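Below is one structure, written out as structure tokens; the observations come after it.
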């Protein structure tokens, strides 16, 4: 099996994932998974598609991720890995889709409008 390359996005975070046959090493921006994502919740999010498809020990995952915060980055990595698992075996799609792992979350920060304090908040209105 050659290297499979997929992209995942969440908010402003972009993750490029390269998956190859291996022993289960996950490297993110040249750091170990446990060092890059310190909390157990974020580590679980990254490993979730591999655990559901029972491929945690079968593939080496190399990730380049930038933009956004750590939660957005973890979810971007999760989407990219899910896409790779579907390409490896089409039957994985039936496992990952009901869990919502193949859905690109479209929610982004709304832009600030001129003449307002924030995106929706207005300046205080004074009648007199």
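No value in this document is a laboratory result; all are computed from the given coordinates. Just so it is clear, the structure is predicted and the values come from calculations on it, not from any experiment. Quick reminder, even Gly has a Cβ in these numbers, built from the backbone with ideal geometry, and neighbours come from all protein chains shown.
Some values worked out for this structure:
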| item | result |
| --- | --- |
| Residues 19, 3, 77 arranged by fewest to most Cβ contacts within 10 Å | 3, 19, 77 |
| Cα shape, the stretch 1-47, gyration tensor, a/c 1.5 rule | oblate |
| Rg/Rh for the chain, where both radii come from Cα atoms and Rh is the Kirkwood radius | 1.15 |
| Cα gyration tensor shape for the stretch 85-128, rounded if a/c is under 1.5, else prolate or oblate | prolate |
| Angle in degrees between helix 40-52 and the longest Cα principal axis of the chain, rounded to the nearest 10 | 50 degrees |
| Candidates 78, 16, 107, ranked by Gaussian network fluctuation over the chain, Cα under 10 Å, top entry | 107 |
| Highest to lowest packing among 53-61, 87-95, scored as the average C-beta count within 10 Å | 53-61, 87-95 |
| Ranking of 12, 41 by count of other Cβ atoms within 10 Å, fewest first | 41, 12 |
| Label-to-label distance, nm, for residues given as residue 124 and residue 108 (7 Å Cα→Cβ offset) | 3.4 nm |
| The chain: calculated mean residue ellipticity at 222 nm from DSSP helix runs of at least 4, using -39500 (n - 2.57) | -9500 deg cm²/dmol |
| Between the stretch 29-50 and the stretch 94-128, the alpha-carbon center distance in angstrom | 27 Å |
| Gyration tensor verdict on the stretch 48-99 (Cα atoms; rounded if a/c is under 1.5, prolate if a/b is larger than b/c, oblate otherwise) | prolate |
| Exposure proxy order (Cβ contacts within 10 Å, fewest to most) of 126, 20, 82 | 126, 20, 82 |
